[in-house]
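S.K.: Have a look at this one before I ask anything.
The values are calculated or read from the model by the stated rules, or taken from the named source; none is laboratory data. None of the values given here were measured: they were computed from a predicted structure. Here the Cβ positions follow ideal geometry from the backbone for every residue, glycine too, while neighbour counts run over all protein chains shown. Each accessible area value is taken on the protein alone, full model and side chains, heavy atoms only, with ligands, DNA and RNA left out. Shrake-Rupley method; radii C 1.70, N 1.55, O 1.52, S 1.80 Å.
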Amino acid sequence: FKQKTAYEIRNCDWSSDVCSSDLPHDLFARHGDDLLCDMPISFSTAALGGDIEVPTLNGAARLKIPAGTQSGQLFRLRGKGLPNVHGHARGDQMVRVIVEVPSRLNRAMREKLEEFAQLANDAAYPQRKSWLEKARRFFGK
């Protein structure tokens, strides 16, 4: 059994015991002691909120998604990152949610979304409203 160096530990492919700086990981990106994981969520979970299961180095963790979550929003799982090479603490795992829009709609889904589109106003889309206001000011309208 060979003792691993700090460099090998920091650059470990966490899906196996193989450690190398050349092995990228499919789920995690490393930033110091912190990890970043992109997590796709459904449009309905983003809009309505709910709990999702997120992969971590130590197994799955539950993450509460608040209603109105936007694509790209970051959530922190404290202490779920990599161990510090000096042994002081663990980093955090950042979870970036990616809202997945359905690519195939059946008739009933399409009708419900069209109904939703008719009911929604600018207040339902705060980022869009803010962007439009900035654009109006920029163009002097």
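S.K.: Among the residues of region 120-141, which ones are surrounded by 11 or more Cβ atoms within 10 Å (Cβ to Cβ) and outside any helix (DSSP H, G or I)?
M.R.: TYR125
S.K.: Restricting to region 34-47, count the residues that are surrounded by 13 or more Cβ atoms within 10 Å (Cβ to Cβ) and within 20 Å of TYR125 (Cα to Cα).
M.R.: Going through region 34-47 one residue at a time, the tally reaches 6.
S.K.: Next up: The conditions are (1) outside any strand (DSSP E or B); (2) surrounded by 11 or more Cβ atoms within 10 Å (Cβ to Cβ); (3) modelled with pLDDT of 85 or more; (4) not acidic (Asp, Glu), and ALA67 fails exactly one of them. Which is it?
M.R.: Result: ALA67 passes all but (2).
S.K.: Kindly provide the set of residues from region 87-113 that are outside any loop (DSSP other than H, G, I, E, B) and exposed (fewer than 10 other Cβ atoms within 10 Å of the Cβ), ordered by number.
M.R.: ARG107, ALA108
S.K.: Related question: Looking only at region 93-141, which residues are closer than 30 Å to ARG30 by Cβ and at pLDDT 85 or above?
M.R.: GLN93, MET94, VAL95, ARG96, VAL97, ILE98, VAL99, GLU100, VAL101
S.K.: Going by the structure shown, is SER42 modelled with pLDDT under 90, small (Gly, Ala, Ser) and on the phi < 0 side of the Ramachandran plot?
M.R.: no
S.K.: Of the conditions (1) among the aliphatic types (A, V, I, L, M); (2) assigned to a helix (DSSP H, G or I); (3) at pLDDT 95 or above, ALA61 clears all except one; give me its number.
M.R.: (2)
S.K.: Just one of ALA117, ALA61 is open to solvent by 60 Å² or more (accessible area, probe 1.4 Å) and small (Gly, Ala, Ser); which is it?
M.R.: Unique residue meeting the criteria: ALA117.
S.K.: Assuming ARG76 fulfils every condition listed in (1) open to solvent by less than 90 Å² (accessible area, probe 1.4 Å); (2) in a strand (DSSP E or B) apart from one, which condition is it?
M.R.: (1)
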